[in-house]
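The values are calculated or read from the model by the stated rules, or taken from the named source; none is laboratory data. This structure is a prediction, so every number in the text was calculated from the model and none was measured. Positions of Cβ are backbone-derived with ideal geometry, glycine not excepted, and every protein chain shown enters the neighbour counts.
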Amino acid sequence: MKPRVVIAVGALLVAALVAAAFLARSKSTPASVSAPPQPAGATRHPGFPSPPAGAVVYAREWGGSALALGVVPEGSHVLVEASVVGPQGKGVPGLRVSLAGRDAAACGLGCYRARLSPSPRAIDVRIGSLTWHVPLPKPWPPRDGRALVERAAATWRGLRSLSFHERLASDLEHSVTSTWRVQAPDRVAYEVGTGSAGIVVGPRRWDKATRKTPWVESPQTPLTQPVPPWVAVTDAHVLSTGTLRGRAVWHISFFDPGTPAWFQVAIDRQSYRTLDSRMITTAHFMHDVYAGFNTTPPISPP
């Protein structure tokens, strides 16, 4: 599978790649939710600063870069690593990074590390004018979330249909919104806020550039749907419990080494449906809000 990557070269290209990234993922083998742990500093993607094994992970957008934090419990102290990924998918070197008031040492391309003792309740990440305050879960260390993510992925693949709204950005200036409908086993329909749209039904697809232009038909490799947006999962932890749109949820973070990307998801504690998903990776900052489970209107050719 190709990484779900958007290069920050303008909103028009971002809009075009919204569909391309999703459809590329849909053609792939179903996602694995149990990738083996990686040694500290290991990565399948040279130059990409993956978090250390066993970390509780957090991530956010920082201009056109991805900024992530990995915190590994080590008894009374913690190992903390900040990862900074630039718009071209490589770690950003040469930064001055402070972690909970301590200067971090470089630990590879885009990797900055410190050990903190005693274990703090929160970590402030400071880079230049940025201060990112990251409260740590209570109790510490947090509950393992792998089994919950496995159950959520199985629930996702068992759906007949769903719909979602997506916001996708490549940096602070370039973002697009889109709406999606997905229907098992191989149907997808989407419309980007700019007016472009597409429909996929089995081996055929239809696309149009604007709301006023005609549909153009073409061949399509059949998709597999519905599937979750991640490829594999490591270091899943329950950050907290709460409510979302009136539903009790687990808030779980994890790292996907296959894409690679950082995720935070909200999983319904009764149905195990994923209600919300945020993904951070190379110039690709995505927020999906899911609904219409098994009630989304059917998808048909235009």
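Taking each residue of region 128-151 that is without any contact (Cβ under 8 Å) to a residue 60 or more places away in the chain and looking for partners that are assigned to a strand (DSSP E or B) with beta-carbon atoms closer than 7 Å, six or more apart or interchain, yields Thr131/Asp124; His133/Ala122; His133/Asp124; Pro135/Ala122.
Specify which of the listed residues (Leu159, Leu136, Leu148, Leu168) is touching a Lys or Arg at 6+ places or on another chain (Cβ under 7 Å) and buried (at least 18 other Cβ atoms within 10 Å of the Cβ).
Leu136
Exactly one residue out of Ala152, Ala104 is more than 23 Å from the chain's Cα centre (by Cα), among the hydrophobic types (A, V, I, L, M, F, W, C) and more than 22 Å from Ile299 (Cβ to Cβ), and it is Ala104.
Given the structure, is Pro73 crowded, with 18+ Cβ neighbours inside 10 Å and touching a Gly at 6+ places or on another chain (Cβ under 8 Å)? Judged against the criteria, Pro73 is not a match. The set of residues from region 268-277 being surrounded by fewer than 20 Cβ atoms within 10 Å (Cβ to Cβ) and within 20 Å of Leu67 (Cβ to Cβ) is empty. Please indicate, with yes or no, whether at least one residue in region 106-119 is under 21 Å from Glu81 (Cα atoms) and exposed (fewer than 12 other Cβ atoms within 10 Å of the Cβ). The answer is yes, given that some residue of region 106-119 is under 21 Å from Glu81 (Cα atoms) and exposed (fewer than 12 other Cβ atoms within 10 Å of the Cβ). When Ser119 is tested against (1) over 26 Å from His45 (Cα atoms); (2) assigned to a strand (DSSP E or B); (3) in contact with a Pro (Cβ under 8 Å, 6 or more places away or on another chain); (4) not assigned by TED's automatic domain parsing to the domain that holds Val265, exactly one condition is not met: (2).
Looking at Gly258, Gly242, can you tell me which residue is touching a His at 6+ places or on another chain (Cβ under 7 Å) and either in a loop (DSSP other than H, G, I, E, B) or surrounded by fewer than 19 Cβ atoms within 10 Å (Cβ to Cβ) (or both)?
Gly242
The sole residue among Thr210, Thr179 that is part of a strand (DSSP E or B), surrounded by fewer than 18 Cβ atoms within 10 Å (Cβ to Cβ), in contact (Cβ under 8 Å) with a residue 12 or more places away in the chain and among the polar types (S, T, N, Q) is Thr179. Among the residues examined, Val78 qualifies as in contact with a Ser or Thr (Cβ under 6 Å, 6 or more places away or on another chain) and outside any loop (DSSP other than H, G, I, E, B). Against the condition in contact with a His (Cβ under 9 Å, 6 or more places away or on another chain) and either of a type in the set (A, V, I, L, M, F, W, C) or assigned to a strand (DSSP E or B) (or both), how does Phe285 come out, does it pass? Considered against the rule, which asks whether it is in contact with a His (Cβ under 9 Å, 6 or more places away or on another chain) and either of a type in the set (A, V, I, L, M, F, W, C) or assigned to a strand (DSSP E or B) (or both), Phe285 comes out as no.
Residues that are at pLDDT 95 or above and part of a strand (DSSP E or B): does region 222-233 have at least one? Checked against the condition, which is being at pLDDT 95 or above and part of a strand (DSSP E or B), region 222-233 yields no hits at all. Of all residues in region 88-97, those that are out of contact with any Phe, Trp or Tyr (no Cβ under 8 Å at 6 or more places or on another chain) and crowded, with 17+ Cβ neighbours inside 10 Å total 1. Selection of region 228-263 for residues being of a type outside the set (Gly, Ala, Ser), over 27 Å from Pro46 (Cβ atoms) and in contact (Cβ under 8 Å) with a residue 40 or more places away in the chain yields Val238, Leu239, Trp250, Ile252.
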